[in-house]
Each structure stands twice: as structure tokens, then as C-alpha cells.
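*Asks:* Supplied in C-alpha cells, the structure appears directly below.
The values are calculated or read from the model by the stated rules, or taken from the named source; none is laboratory data. Only a predicted model underlies this, so the values are computations on that prediction, with no experimental measurement involved. Heads up, the Cβs are rebuilt from the backbone with ideal geometry, glycines too, and the neighbour counts pull from every protein chain shown. Ligands, DNA and RNA are excluded from the accessible area calculation, which covers all protein heavy atoms including side chains. Shrake-Rupley method; radii C 1.70, N 1.55, O 1.52, S 1.80 Å.
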Amino acid sequence: MSGRLGIDDVSPVISCGRDPAKAVVGEHIPIQATVWREGHDAVAATVAWRGPGDRTTRQTRMTPLGGGLDDFAAAIVPDAEGMWTFRVDAWSDPWATWLHAVEVKVAAGQGAAELANDLESGARLIDRVARRPDRRRDRELLVISAEALRDSDRPVAERIAVSLSEPVRRIMHQHPVRELVTKGKPQRIWVDRERARFSSWYEFFPRSTGGVDTAGEPVHGTFATATRALDRVAAMGFDVVYLPPIHPVGRVNRKGRNNTLTPGPTDVGSPWAIGAAEGGHDAVHPDLGTMEDFKGFVARASDLGMEVALDFALQCAPDHPWVAAHPEWFTVLPDGTIAYAENPPKKYQDIYPLNFDNDPEGLYAETLRVVLHWVEAGVRIFRVDNPHTKPPDFWNWLIWKVKETHPDVLFLSEAFTRPARMFGLAKRGFTQYYTYFTWRTHKQEIIEFGNELVAHADDATPNLFVNTPDILHASLQHGGPAMFAVRAALAATLSPSWGVYSGYELFEHQAVREGSEEYLDSEKYELRPRDFDAALREGRSLEPWLRRLNEIRRARPALSRLRTLRFHHVDNDALIAYSKTDPATGDAVVVVVNLDPNSGQEGTLWLDLPLLGMDWTDRFIGRDEVTGETWDWGQANFVRLEPHRAVAHIVAVERR
Ligand SMILES: O=P(O)(O)O[C@H]1O[C@H](CO)[C@@H](O[C@H]2O[C@H](CO)[C@@H](O)[C@H](O)[C@H]2O)[C@H](O)[C@H]1O
């Protein structure tokens with residue numbers, strides 16, 4: 001059965017309802033549907049929705065979007081974490097049908113005789129509402145209205161006047177007579193805590209925080225030295241500290257500096273080569289300290305208002321304990337060896353990939369145990385390495401299994417891969433996903449990229465990292481310090497979640513070789529102590545800009561939103577402009593970024609004012625959160641950005 005009335009194209013619905021859509025507490029989630037019926041009678045629609053603890057269903061009437069179409073929309077705002085359900089119900093709206101008929105017939109000059117049935121029908125509809133026990137307050141007015149419709153001694157205009165009045169229309173709209181109610185299919189929305197959407201990540205290697213010895217040689221850092229590094233990170237306004245794997249590093253096939261296969265005796269190896277005699281995924285590297293030290297690190301981060309995100313890299317160094325204990329978890333080649341992992345053209349000779357098909361039960365149980373082990377240690381966020389090299393149904397199982405008992409655990413997918421996999425993993429359960437941001441540098445590319453993020457807002461939250469230990473984009477290698485500021489401004493304002501890998505604030509830009517995105521002397525293979533304080537003192541640091549960006553993000557609720565990102569026209573391709581609004585607070589922000597790090601650029605910014613909740617002719621005060629300047633702005637505005645002064649305007653819209 002397809003239902004008495006038509007309900008089509010409901011959104012958000014992910015993969016035909018197989019996976020829940022995603023949102024966060026307090027987010028305005030747009031619900032849309034096409035609702036229709038035969039003939040000329042009016043239809044209406046309601047969203048029936050309920051949260052995990054609700055005993056009753058909430059009802060939100062949908063608004064027709066007009067334009068001669070049959071599309072309806074409403075926003076629902078979940079107020080608790082967990083699985084929510086919603087349904088679009090369609091119904092025939094006899095009151096709207098009646099209003100339209102009467103207005104049209106009266107306008108056409110029809111008199112009391114022709115309108116007799118209409119007037120009585122209207123009175124009966126009003127009676128039905130007036131009789132409801134919960135309408136006692138409105139009863140007197142409704143009775144007067146119905147009596148007038150039936151009063152054949154009065155002219156038609158007088159008989160319908162009360163019924164067409166604003167108060168009666170309002171009552172009849174808010175407490176409608178619903179006929180032919182057709183219930184839609186229930187759909188699911190998983191609602192996370194707010195950090196799932198709004199987060200500022202800082203990635204650093206704890207082992208690089210040990211400083212140098214008297215001979216200037218790097219000293220292996222510990223959780224104690226890493227804990228001391230947290231104040232600086234917190235001062236920059238980050239709220240998630242992401243650590244690459246902290247487990248014992250394999251010795252077999254260990255990699256040397258600059259990704260060489262000939263390590264020296266003191267080389268520390270890649271932390272993603274997990275596992276050695278000291279333990280595997282549930283152990284901490286002895287040089288970093290103990291589990292208690294790690295918990296102390298997590299506690300200090302929490303005191304500073306930050307959460308720790310741990311890397312979850314499902315792969316093993318050849319000397320990982322799993323390799324001997326569970327050979328069935330690996331793919332053995334005909335010659336008896338195990339093939340190392342690859343992400344072509346990258347070769348990971350120091351790790352074995354896992355095979356999820358030989359003993360799914362055993363491997364699934366062990367991976368779940370490992371995740372819960374870290375959850376017990378206070379970790380609530382996991383950055384998952386290379387998830388696209390593991391089966392999607394595994395992630396779907398693991399993520400929702402963890403959320404059964406720990407709904408606040410969040411997962412970031414590091415799937416720099418084809419869109420089907422990137423978004424497919426997001427749909428299967430990942431909270432956040434890494435994006436193509438680093439490779440989108442030109443205006444049109446960024447616009448298309450931004451629109452794509454919005455289109456996938458129901459799948460998961462994009463996390464725009466400006467760099468990673470694997471990705472030093474050419475624009476940063478050659479763009480100079482201003483380019484670092486530009487890219488940070490874009491990442492911090494385009495998406496509600498963004499990330500920075502340590503060293504960015506020092507403008508580290510040397511690639512291992514021309515044409516490569518790998519850092520020279522990459523921290524993936526060696527200790528990289530950095531003197532952030534000296535750089536700050538000497539004015540060689542981007543820290544003040546990163547701090548300011550995070551401050552502005554916190555001050556402007558619009559920047560915590562994703563769905564409302566919209567681009568505006570600037571008549572200069574070096575300037576890009578976009579806005580965001582927050583439906584909850586009414587906050588609106590306009591961002592203009594100069595993509596050219598080398599020269600001042602100017603142009604006319606044409607604002608689509610209705611997108612900002614204004615009329616085309618309205619004017620407003622624009623207060624630049626970057627410079628503190630204020631301007632009288634309207635639809636067309638002159639903008640000029642000098643990179644040495646400011647690479648971006650982040651303009652708070654203050655309505656007059
Ligand atoms: O393959 P991706 O580009 O998604 O990169 C991620 O996974 C890699 C494998 O875990 C990881 O690579 C690093 O660790 C490997 C194992 O020790 C090592 O062989 C690689 O040389 C090293 O880059 C990468 O860092 C991670 O982001």
C-alpha cells in the first residue's frame with residue numbers, strides 16, 4: 001500500500017533509510033517532503049518526532065514552500081543525545097480548502113444561495129474544533145464565528161467576517177481538522193553531543209615534546225612532557241588534542257628517517273607500525289610512560305577544556321603479538337609470508353594489514369575490546385586510520401556496538417579516497433570525516449567543495465585539516481606565511497570542525513623533494529622538538545592568528561553551523577565570500593578571504609541579503625571580528641584585503 005495521500009522525497013533519509021541521518025543536540029534539522037493528493041483539496045503535513053526518552057510524540061506542522069510545488073518543510077531541534085525518529089504525516093486540510101473556496105467564490109460575486117453549503121460546511125468545521133476539550137479557551141470566539149456563518153439574516157460579507165478574521169484563522173491553523181491522515185515511514189536521526197559537529201583539533205606527537213639534551217640531540221618525550229605542552233594548545237583555543245598512535249612501535253622492518261628502509265639503531269620508527277614485544281593496541285609505548293601517565297594526560301586535557309582523540313589504526317607491525325597469536329587474522333601468501341600494507345603508491349613495509357574475513361568473530365571481538373579499553377581510560381574520540389582499507393560492514397558493526405553502551409564516543413574517518421567510500425563510511429556511522437580540503441585551493445573549487453559539504457550535512461561532519469603529517473600541500477610549500485593564514489581562515493570558517501597538525505604555526509613548509517607532499521625530516525619517522533615559545537617571541541609564529549580564529553568561532557554561533565553555509569558573489573576571483581547563519585540565535589556571519597597571499601585584492605561583494613534574513617534593500621552594520629572595524633553594509637559592498645594586514649574579513653552582521 002502506498003498510502004491514501006502521497007508522501008515522497010522525504011529528507012533526511014540516508015541510503016533509503018538503512019543508516020540514520022546525523023545531527024547534534026540543539027541543531028535545527030530541516031525536514032522536507034513532497035506531499036500531494038488528487039483533485040483540488042488542500043493538503044498539509046506534520047512532522048511527528050520523538051527522542052530516546054520521549055513518552056509522547058512531538059508534532060511540528062510543516063510549511064508549504066510555495067512556488068506552485070507541493071514541497072513542505074519544517075525544522076526539528078533535538079534536545080538530547082541518542083536515536084531520534086521522525087515521520088512525515090500527510091493529511092487533507094478541509095479548513096484550508098474551505099477558506100480558499102469561500103474567498104474565491106465571494107470574489108467572483110457569488111451570493112448566499114450559491115454559498116449556502118459552503119457556509120454550513122465552514123460552520124461544521126468550526127464546531128468540530130470548538131467541541132474539543134482542549135479548546136475551551138477559544139470556544140466563545142469559535143461559537144460566534146459558526147453562528148455568524150449560519151445567520152441567514154445577515155449579508156454574506158458579515159456572515160464570513162469572523163471566520164476570516166486573523167484570530168479564527170490562527171486557531172483553525174494551529175488546531176486543525178485533519179482528514180485522511182496518512183502516516184509516513186519512520187526515519188532515524190542519530191543525535192550526538194555538540195562536539196561531534198563543532199570542534200577544533202590540534203594534532204601532535206607526544207614523543208616530540210622531550211626537548212633536546214645538552215648536545216642538542218632530541219630527547220624522547222613522555223606523557224609528562226606532553227602534558228606540559230597542553231597549556232599552549234589550550235591557549236590557542238583548540239578543544240580536541242589528537243595523538244598519533246601511542247603504542248609500542250614494531251622493531252621488525254622499522255622505518256628510518258625520511259621513510260627509508262634502513263633505520264639506524266636509535267631511529268624511533270613510525271608510530272603507525274603498531275605492536276612489539278611490549279604489547280599491541282592496548283599497550284602504551286614504554287618510552288612514553290605508563291597507562292597511569294596517559295590517564296594523567298587525559299585528565300589535564302580535560303581540566304583545560306580539551307578532549308583527547310586517539311588514533312585507531314588497525315594494522316600490525318610484524319612483531320605485534322597478534323601476528324603470532326592469531327595468524328588467521330592475516331593473509332598468508334603462497335610462499336608462507338604475509339604481504340605488507342599499501343595505499344598505492346604509498347608502501348607501508350613496516351605493517352601487515354588485517355584480514356577481516358577469516359575469523360570475523362574473533363577479530364571483531366578483539367577490536368571492540370581494544371576500543372572499550374581506551375574508552376575506560378577516558379578516551380571518547382577516535383581518529384580512525386585508513387578505514388577505507390577495512391570492510392564497511394565491520395565499521396558499521398563496531399561503531400554502533402560501541403555507541404550502544406557509550407553513545408558519546410565519536411569517530412573521525414581518515415578516508416582520503418574516492419567519494420563513494422568517503423561518504424559511504426560517513427553514512428555507515430562515522431561522526432566526522434577528513435575531506436579534500438587541502439587540495440581545493442581555487443575559488444571555484446572551494447565553492448563546489450563547500451556546497452558538497454552542505455549536501456552531505458546529514459551524513460557526518462567534515463573536518464577540514466589544513467595539514468597532516470602526510471599532507472603538506474604545494475600551496476603551503478610555496479605560498480609563504482600568508483598562505484598559512486589564508487588556509488587556516490578558510491578551514492576554521494567553512495566547516496564547524498577543523499584541524500591543525502603541529503608545526504603549522506611555525507610555517508613548516510619544506511617538502512622531502514619537489515613534487516612530494518611529504519615533509520622533509522618527517523615527524524612520522526623521527527623526533528621533532530620545536531621551540532614554539534621562541535618563535536612566538538620573535539614574531540615567527542601563526543599562534544596569535546590560530547587563537548583569534550578559535551576565539552571568533554566560539555563567539556559566533558553561526559560558525560558552529562554547517563547546513564547554512566552559502567556563497568556570495570565577489571567580482572574578483574582572488575576573493576571568495578560566504579556566509580553562515582545560526583537559526584537558534586539569529587547570528588549571521590559573512591566571511592571574505594583573499595586567496596592571493598602575495599598581493600592586496602579588492603572588489604565588490606554582492607550579498608544575497610535574504611539569505612541573511614534581510615530584504616534586498618536593507619542595510620546593516622558589519623563588524624569585522626578580525627580588525628574590529630565596522631562598516632555600513634548593504635547589498636553591494638566594496639572590500640579590500642591586504643595579506644600583510646589581514647587575509648580575511650570575518651564580519652558579524654548587526655541588524656539595525
Ligand atoms: O594511507 P593514508 O594516506 O591514509 O595514511 C595513514 O595511514 C598510514 C598507514 O597507517 C600512515 O602511514 C605511516 O605509517 C606507516 C606504518 O608505520 C608507514 O609505513 C608510513 O610510511 C607512514 O607514513 C599515515 O601516516 C596515516 O595518515
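*Asks:* Between Glu445 and Arg251, how many nm apart are label points set 7 Å from Cα along the C-beta direction?
*Replies:* 4.5
*Asks:* Using unit Cβ charges (K, R positive; D, E negative) and no other charged atoms, how large, in debye to the nearest 20, is the dipole of the stretch 392-432 about its Cα centre?
*Replies:* Computed charge dipole of the stretch 392-432: roughly 180 debye.
*Asks:* Right, another one. Given the pairs Lys401/Lys524; Lys390/Lys580; Lys183/Lys580; Lys403/Lys427; Lys347/Lys390, which are separated by over 24 angstrom at their Cα positions? Numbers along the way, then the final one.
*Replies:* On the way: Lys401/Lys524 32 Å; Lys390/Lys580 36 Å; Lys183/Lys580 34 Å; Lys403/Lys427 15 Å; Lys347/Lys390 17 Å.
Checking Cα-Cα distances, Lys401/Lys524; Lys390/Lys580; Lys183/Lys580 exceed 24 Å.
*Asks:* Please compute the contact order of the stretch 569-634 in relative form: average sequence separation of alpha-carbon pairs under 8 Å and at least six residues apart, divided by the residue count, as a percent.
*Replies:* Dividing the mean separation by the residue count of the stretch 569-634 yields 26 percent.
*Asks:* Once the other residues with Cβ under 13 Å from the Cβ of Leu520 are scored (Lys, Arg +1; Asp, Glu -1), what is the net sum?
*Replies:* -3
*Asks:* So if I restrict to the alpha-carbon atoms in the stretch 415-487, what is the Rg, and what is Dmax, the biggest pairwise distance, in Å?
*Replies:* Taking only Cα atoms of the stretch 415-487, I get Rg and Dmax of 13.0, 39 Å.
*Asks:* How large is ³J(HN,Hα) for each residue in the stretch 183-196, as worked out from phi by the Karplus curve 6.51 cos²θ - 1.76 cosθ + 1.60 (θ = phi - 60°), to whole Hz, x for Gly and Pro?
*Replies:* Along the stretch 183-196, the couplings run 8, x, 6, x, 10, 10, 9, 8, 10, 9, 5, 4, 5, 4 Hz.
*Asks:* Still on this model: Could you tell me which of Pro391, Gly424, Gln444 has its Cα farthest along the dipole of the stretch 390-445 towards the positive end, charges placed at Cβ (Lys, Arg +1; Asp, Glu -1), taken about the Cα centre?
*Replies:* Comparing the listed Cα positions along the dipole, Gln444 ranks first.
*Asks:* Straight distance only, please: which aspartates and glutamates reach the Cα of Lys443 with their own Cα at less than 16 Å, same-chain residues fewer than 8 apart left out?
*Replies:* Correct list for Lys443: Glu452, Asp571, Asp573, Asp596, Glu602.
*Asks:* Given a 1.4 angstrom probe, what's the average accessible area per residue across the chain, in square angstrom?
*Replies:* Per-residue value: 42 Å².
*Asks:* Let me ask another. Please work out the FRET efficiency for the pair Arg655 and Asp335, using the Cβ-Cβ distance as r and a Förster radius of 51 Å; give the result to the nearest 0.05.
*Replies:* Here the calculated transfer efficiency is 0.10.
*Asks:* How high is the relative contact order of the chain, in percent, counting Cα pairs under 8 Å that sit 6 or more residues apart?
*Replies:* 10 percent.
*Asks:* Follow-up question, since we're still on this one. So how tilted is helix 139-150 from the main axis of the chain? Cα-based, degrees 0 to 90, rounded to 10.
*Replies:* With rounding to tens, the tilt is 50 degrees.
*Asks:* Net charge within 10 Å of Gly17 by Cβ-Cβ distance, Lys/Arg positive one each and Asp/Glu negative one each, not counting Gly17 itself?
*Replies:* Around Gly17, the surrounding residues sum to +2.
*Asks:* On the accessible surface of the chain, probed at 1.4 Å, how many percent belong to carbon and sulfur atoms?
*Replies:* Summing carbon and sulfur atoms, their accessible area is 51 percent of the total for the chain.
*Asks:* What FRET efficiency comes out for Ser152 versus Gln59 if R0 is 35 angstrom and r is the Cβ-Cβ distance? Round to the nearest 0.05. It would help to have the intermediate numbers written out before the result.
*Replies:* On the way: r = 38 Å, r/R0 = 1.07.
Efficiency for this residue pair is about 0.40.
*Asks:* Hey, what's the per residue convex hull volume over the C-alpha atoms of the chain, in cubic angstrom?
*Replies:* Taking the convex hull of the Cα positions in the chain, it is 189 Å³ per residue.
*Asks:* Please give the FRET efficiency for Ala420 paired with Asp287, using the beta carbon to beta carbon distance and R0 = 35 Å, rounded to the nearest 0.05.
*Replies:* Values: r = 40 Å, r/R0 = 1.15.
Taking R0 as 35 Å, the efficiency between Ala420 and Asp287 is 0.30.
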